[in-house]
Amino acid sequence: MVEPWVQNGLREAQTISTEHALREAAAISYLVGKGYYPQVAHQIVESWWHH
């Protein structure tokens with residue numbers, strides 16, 4: 001369930017900081033584990049970086 005977000009983080013790590021990519025993948029995985037739909041979790045985490 002979280003593999004697509006891990007792969008996304010690996011791709012993003014090539015263009016943004018590795019630290020940011022890891023934090024994003026971990027946060028999305030955490031929210032998915034809490035019961036959020038993966039796409040919703042991604043939207044939530046993306047919104048955090050824009051505040």
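The numbers here are math on the coordinates, done by the rules we state, and not lab data. None of these values were measured; they are calculated from a predicted model. Because the Cβ atoms are built from the backbone with ideal geometry, glycine has one as well, and the counts that use them run over all protein chains shown.
So that you can scan it fast, the table gives a plain yes or no per residue for (1) in contact with a helix residue (DSSP H, G or I) (Cβ under 7 Å, 6 or more places away or on another chain); (2) not β-branched (Val, Ile, Thr):
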position	(1), (2)
11	no, yes
15	no, no
18	no, no
32	yes, no
35	no, yes
39	no, yes
43	no, yes
50	no, yes
Positions within the range 1-19 being over 9 Å from the mean Cα position of the chain (by Cα) and free of Cβ contacts under 8 Å to residues at least 24 places away in the same chain, in sequence order: 3, 7, 10, 11, 12, 13, 14, 15, 16, 17, 18, 19
